[in-house]
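These notes concern the structure reproduced below.
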Amino acid sequence: MSAPRPIVVGIVNVTPDSFFAGSRHASAEAAVAHALALAKAGADWLDVGGESTRPGAEAVPEREELKRVLPVIEALAKECALPLSVDTRRARVAEAALARGARVVNAVAGLRDPELAAVCAAHGASLVINHMRGDSATMLAEARYTDVVREVGDELVAQAEEAQRAGVARERIWLDPGIGFAKRAADSVALLARLEEIVALGYPVLVGPSRKSWLGALTGEPAEARLPGSLAAATACVLAGARALRMHDVAEARQAVDVAAAIRAAKTGDPRAGTP
Ligand code: HH2
């Protein structure tokens, strides 16, 4: 039986303060070595970020963000055939990364920077629109929803339409419900429980549940011990029709999502898989 292959996006953080210590890299060399190891472990796409978005994280000046991510993207574009995304809220960082070989912009704060969609359009890049409200300082207070799934879906579709008006091709747009971004643990659980409603919006869906605090709220475990919960969440996402999972632990995620995809295919005949 040939199972569809969901995409595993490997996380590469060039930061001193990302919430999971195992993903922090202080130098470009260390980040590149980690990225190449993730590629070997079965990643289909690598996501390079230079600013932590965890609640309470310090904003990183644009110059510093560029200094962190550009050498890593440049080196990976030469050394590795996988698609690369830049995880950023800034159009100028996106633009510089696309000019150095990234093919995807992971818009972690959605389209808050008004130039971001136009930059993607100009480069023919794919665009991941992540759902977020507020910023690292305010997002916990912004986690107030009447119907979190409907509101997140509506806000994502509005941004996807804005991106298309700016010239991004519809088939290049991905939606991400933004697990942990202005979400309480119960909101993250609701979004995964009803992820099919986000999938039904008609765009490919990427989800990033890996090791985040909502898993700690459910299990009492620290980030270092949340791999089993992360794999359970990734499995649920694939069963609901997610096309890509952004994960810290690529080898483990690879196995979980491939098994989940085979089960989903046997149930639905849905052979969806893809590349960014
Ligand atoms: N989560 C994080 C960062 N970027 N991008 C998308 N599209 N979806 C996500 O869920 C997502 C994201 C946070 O994870 P991490 O990069 O490990 O942590 P930090 O922001 O502390 O560096």
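The values are calculated or read from the model by the stated rules, or taken from the named source; none is laboratory data. Remember, it's a predicted structure, so these values are computed and weren't measured experimentally. Every residue, glycine as well, gets a Cβ built from its backbone with ideal geometry; the counts of neighbours run over all protein chains shown. For accessibility, only protein heavy atoms count, side chains too; no ligands or nucleic acids. Shrake-Rupley method; radii C 1.70, N 1.55, O 1.52, S 1.80 Å.
Taking every protein chain into account, the accessible area of the chain amounts to 41 square angstrom per residue (probe 1.4 Å).
For the chain, with all protein chains in place and a probe radius of 1.4 Å, 53% of the accessible heavy-atom surface sits on carbon or sulfur.
What separates the Cα centres of region 186-264 and region 1-62 is a distance of 16 Å.
Peptide packing for 157-167, 129-139 was compared via the average number of neighbouring C-beta atoms within 10 Å per residue; ordered from the highest value, the list is 129-139, 157-167. Residue by residue, region 168-183 carries 3J(HN,Hα) couplings of 7, 5, 3, 6, 9, 9, 10, 10, 9, x, x, 4, x, 9, 6, 9 Hz when phi is fed to the Karplus relation 6.51 cos²θ - 1.76 cosθ + 1.60 (θ = phi - 60°); x denotes Gly or Pro.
The Cα atoms of region 62-135 give a gyration tensor whose axes a ≥ b ≥ c have a/c of 1.5 or more with a/b greater than b/c, which makes the shape prolate. Per-residue packing, averaged as other Cβ atoms within 10 Å, sorts the ranges 168-175, 218-225, 113-120 into the order 113-120, 168-175, 218-225, beginning with the highest. Packing order of peptides 33-45, 203-215, highest average first: 203-215, 33-45 (average count of other Cβ atoms within 10 Å over each peptide's residues).
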